[in-house]
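One structure is given here, and the rest of the page talks about it.
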Amino acid sequence: MKYNLETLAIHAGQDPEAMTGAVTVPIFQTSTYAQEALGQPRLGYEYSRTNNPTRQAYEQCLAALEGARHGIAFASGMATTNNCMYLLQSGDEVLCSDDVYGGTFRFFTKVMSKFGIKVHFVNTSDLSQVEKSLHPGIKLVWLESPTNPLLKLTDIRAVCKLAKANGSLVVVDNTFMSPAFQRPLELGADIVMHSATKYLGGHSDLVGGIMATNSDEINETMRFHQNAVGAIPGPFDCWLALRGLKTLAVRMQAHARNAQALAEFLESHPAVRQVIYPGLASHPQHALARTQMQGFGGMISFEVKGGLQEAKTLVESTKLFLLAESLGGVESLIEVPATMTHASIPRERRLEMGIADGLIRISVGIENFEDLKADLEQALARAVSKTFV
Ligand code: P1T
């Protein structure tokens, strides 16, 4: 029987526990497992870095949601990115979307460069640039779509075709969409990865990462490195993530409903210069968003009239929108990428890419829409002087 995402989120990998029938997967908070005899573990569990039943349930569930055969969990989104790099050899090259999470940019430029991996940052929204930049040395293409924080989209299916012809693997960071709204493996990607800290966990109470693939070969290599390198999540964090997954579909609908209405409100506000949200007709890739994604997500970026000072006043004036890094939790958050999540990108490069000093990013939570709108309304009034309105 083939089940739909909402059902898989609640049942995949989550049969009642064998001994007691517990309907919720228990937290197997153990580092090791007693063996029947020398070299004979009971059910294949030997040591929790290698395998743990709570982690396994979470990995199986996320894999099912992404339509994948395999899921592999890590201690954070960055640990997942790091482990994907173990698929490469020194001397290999990577083509990466130019607008990515600041930590991803920092990792590629400051860490991987020391190990002989060269990363080329390209506007992957422009297929001709991807085509021009691919060459036999590029072994891996790293896509973020929508990007963080400019919400640029990449035509994943088209880039996968180009990459395949070049013999390159494609990894898609699906953090902003979650499998509820976008399934990159179905579009041809080899690996889909997440910061599980965000929508998968959904409650801002854990840090985690996870990837999924249909390739047995990739699974074997990555699982070997999961154990050999050891950046694994603990059983309690896996349990929290699994608990989060159960409500992923309903949460994503609520995030997207609020975000669409807030984006429209912001776009019509006289103090707002520009709003970026894939669900707006004004988004340059709105048509692609409609075909590639099943929802537009909960992230909005916008600029208020004025500059950094107005942005600062605004983010310090909201009461429900908490001034904090991160995203994807049930509560609404607000931040300034230039000085927070993307501060690790040099200013000239940021400006060149369109991340203005005063750009504001909001992660729209699932609170009442009217309350969220009123909060932004009062903060906008405080931030932007009448001369700009
Ligand atoms: O924080 P961590 O779980 O290690 O995930 C890193 C990461 C990877 N990919 C994307 C698209 C991300 O947004 C992140 C983390 N991002 C934030 C903390 C942020 O506020 O944007």
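Here are the numbers for the structure shown:
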quantity	calculated
Failed item in (1) free of Cβ contacts under 8 Å to residues at least 60 places away in the same chain; (2) within 14 Å of the ligand (Cβ to nearest atom); (3) within 30 Å of H283 (Cβ to Cβ), with F105 passing the rest	(1)
Meets criteria (surrounded by fewer than 19 Cβ atoms within 10 Å (Cβ to Cβ), assigned to a strand (DSSP E or B) and touching a residue at least 24 places away in the same chain (Cβ under 8 Å)) for H120	yes
Index of the failed condition, N368 passing every other in (1) under 14 Å from L262 (Cβ atoms); (2) surrounded by 14 or more Cβ atoms within 10 Å (Cβ to Cβ)	(2)
Close pairs (8 angstrom Cβ cut-off, 6 or more residues apart or separate chains): assigned by TED's automatic domain parsing to the domain that holds L327 and closer than 15 Å to E264 by Cα in the stretch 365-377, among the aliphatic types (A, V, I, L, M) and in a helix (DSSP H, G or I) anywhere	F369/A261; F369/L262; L372/L262; K373/A261; K373/L262; L376/L262; L376/L266
Single unsatisfied condition, L376 versus (1) at negative phi; (2) touching a His at 6+ places or on another chain (Cβ under 9 Å); (3) part of a loop (DSSP other than H, G, I, E, B)	(3)
Lone unmet requirement of (1) buried (at least 24 other Cβ atoms within 10 Å of the Cβ); (2) within 16 Å of the ligand (Cβ to nearest atom); (3) of a type outside the set (S, T, Y) for V159	(2)
Cross-chain or 6+ apart pairs with Cβ under 6 Å, the stretch 37-54 first and free of Cβ contacts under 8 Å to residues at least 12 places away in the same chain, then surrounded by fewer than 17 Cβ atoms within 10 Å (Cβ to Cβ)	P41/Q35; R42/E36
Qualifying residue in the stretch 182-205 (condition: modelled with pLDDT of 95 or more, within 25 Å of S128 (Cβ to Cβ), surrounded by 24 or more Cβ atoms within 10 Å (Cβ to Cβ) and within 11 Å of the ligand (Cβ to nearest atom))	no
So K139, is it away from the ligand (no atom under 16 Å from the Cβ), assigned to a strand (DSSP E or B) and either buried (at least 22 other Cβ atoms within 10 Å of the Cβ) or at pLDDT 95 or above (or both)	yes
Flag if M112 is within 16 Å of the ligand (Cβ to nearest atom), over 15 Å from the mean Cα position of the chain (by Cα) and surrounded by fewer than 22 Cβ atoms within 10 Å (Cβ to Cβ)	yes
Selection within the stretch 206-221 - over 20 Å from R183 (Cα atoms) and touching a residue at least 12 places away in the same chain (Cβ under 8 Å)	L206, V207, T221
Top-ranked residue in the stretch 24-40 [being more than 29 Å from the chain's Cα centre (by Cα) and not polar (S, T, N, Q); ranked as nearest to C238 (Cα to Cα)]	Y33
Residues satisfying the stated conditions in the stretch 283-334, i.e. aromatic (F, W, Y) and either surrounded by fewer than 15 Cβ atoms within 10 Å (Cβ to Cβ) or farther than 14 Å from A383 by Cβ (or both)	F296
Helices (runs of 4 or more DSSP H) (entirely within the stretch 147-231) containing at least 1 residues that are of a type in the set (G, A, S) and closer than 18 Å to A63 by Cβ	178-181
Conditions (1) farther than 20 Å from T341 by Cβ; (2) surrounded by fewer than 21 Cβ atoms within 10 Å (Cβ to Cβ): number failed by N83	(2)
Residue match in the stretch 222-240 (condition: more than 16 Å from the ligand (Cβ to nearest atom) and in contact with a Cys (Cβ under 9 Å, 6 or more places away or on another chain))	yes
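Listed here are the residues, each with its yes/no results for (1) touching a residue at least 60 places away in the same chain (Cβ under 8 Å); (2) over 23 Å from P179 (Cβ atoms); (3) over 25 Å from the mean Cα position of the chain (by Cα).
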site	(1), (2), (3)
Q294	yes, no, no
V304	yes, yes, yes
T313	yes, yes, yes
L323	no, yes, no
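The values are calculated or read from the model by the stated rules, or taken from the named source; none is laboratory data. All of these numbers come straight from a predicted model, not from anything done at the bench. Positions of Cβ are backbone-derived with ideal geometry, glycine not excepted, and every protein chain shown enters the neighbour counts.
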